């Protein structure tokens, strides 16, 4: 039975009303259930565990079975398990809460590792823009074109509504899609990006990255093992650590797999179409033109030492009135690398609840 319409805001009062309606429905359709006992499965979302709700459930004499909790150490990527677990439990009568728990544990223990790894890929999509990674190369490289590529990807994969996460240029494209196609975006998570054009909002920094990529491509060592090649990147980055706003420790611990490079057996290959990206920056063709506002929930994660000065940009609030900001004061442009655990915690918490855990780190 459904007692809440899609889009309803659920607070403790609304949840109490839903529970009352549920109790009336049970009394009408299965009166013996109220006598024999009701086991309520629900999560620990704030409206569900409010004091008034706990008091009401105690009066009902209902037993509550905690749904796996929404918290930072449980990824939404694990939620695919719940539907299959429901099928596993369907039709079985349990005499106690412990019996349910034992059955769930037995089911999970029987699943191979591949079961979890494979399912995760069905829920999270990582998309390389054109001119990046394994995607095709093209002379067409604008915000509108990239937005169109993402929209086409979502339609092709039958994903009617998604949570978008974008960093830098990815953030700009995510913003564009959210404003133009709000029905396709449930929530928006932006890492250190702003609607302001690249030239006026960190253009020098982007030029620095492109120049570094040019130089790396020219002097990339060949005929070496992977450890030697990785050290080459560390040495180059250390020369620009002040411009990159990265500490020596961060650079030395950086995961090379996160860089736009691909191992070829005895050297790395740059996986960015440097010429196309540099041309777009030079000609200022990555301009942003937002035709309206996005009224959904938005999380903006910004670096206090980033050249883009995202945290103080008023354009964010103009186009995204419900934005919530988190600033990592000592981070530059790559917050996800400088503070990976805190970054992930905030992203997962926002997906599940909304407001950030804290406004500053």
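The values are calculated or read from the model by the stated rules, or taken from the named source; none is laboratory data. Since the model is a prediction, treat every value here as computed from it, not as a measurement. Positions of Cβ are backbone-derived with ideal geometry, glycine not excepted, and every protein chain shown enters the neighbour counts.
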Inset, instruction - May I ask you to list the residues in the stretch 238-274 that are over 14 Å from residue 217 (Cα atoms), surrounded by 14 or more Cβ atoms within 10 Å (Cβ to Cβ) and out of contact with any helix residue (DSSP H, G or I) (no Cβ under 8 Å at 6 or more places or on another chain)? - result: 245
Inset, instruction - Determine which single condition residue 235 fails, assuming it passes every other condition in (1) surrounded by 15 or more Cβ atoms within 10 Å (Cβ to Cβ); (2) part of a helix (DSSP H, G or I); (3) at pLDDT 85 or above. - result: (1)
Legend entry - Members of the stretch 124-166 that are out of contact with any strand residue (DSSP E or B) (no Cβ under 9 Å at 6 or more places or on another chain) and assigned to a helix (DSSP H, G or I): 143, 144, 145, 146, 147, 148, 149, 151, 152, 153, 155, 156
Legend entry - Residue, surrounded by the fewest Cβ atoms within 10 Å (Cβ to Cβ), within the stretch 136-149, restricted to residues that are closer than 23 Å to residue 261 by Cβ and within 21 Å of the chain's Cα centre (by Cα): 149
Inset, instruction - Could you please give the count of residues in the stretch 320-352 that are in a helix (DSSP H, G or I) and either crowded, with 21+ Cβ neighbours inside 10 Å or in contact with a helix residue (DSSP H, G or I) (Cβ under 6 Å, 6 or more places away or on another chain) (or both)? - result: 8
Inset, instruction - Being closer than 17 Å to residue 94 by Cβ and either in a helix (DSSP H, G or I) or at pLDDT below 75 (or both) is the filter here, so list the residues in the stretch 20-34 that pass it. - result: 32, 33
Inset, instruction - Considering each residue of the stretch 172-210, count those that are in a loop (DSSP other than H, G, I, E, B), at pLDDT below 75 and surrounded by fewer than 22 Cβ atoms within 10 Å (Cβ to Cβ), and give that number. - result: 4
Legend entry - Residue tally, condition touching a strand residue (DSSP E or B) at 6+ places or on another chain (Cβ under 8 Å) and in a loop (DSSP other than H, G, I, E, B), over the stretch 260-282: 3
Legend entry - Matching entry among 293, 285 (being in contact (Cβ under 8 Å) with a residue 24 or more places away in the chain, out of contact with any strand residue (DSSP E or B) (no Cβ under 6 Å at 6 or more places or on another chain) and either under 22 Å from residue 260 (Cβ atoms) or surrounded by 19 or more Cβ atoms within 10 Å (Cβ to Cβ) (or both)): 285
Legend entry - Lone qualifier among 154, 159, 169 - being touching a residue at least 12 places away in the same chain (Cβ under 8 Å), under 17 Å from the mean Cα position of the chain (by Cα) and closer than 23 Å to residue 257 by Cβ: 169
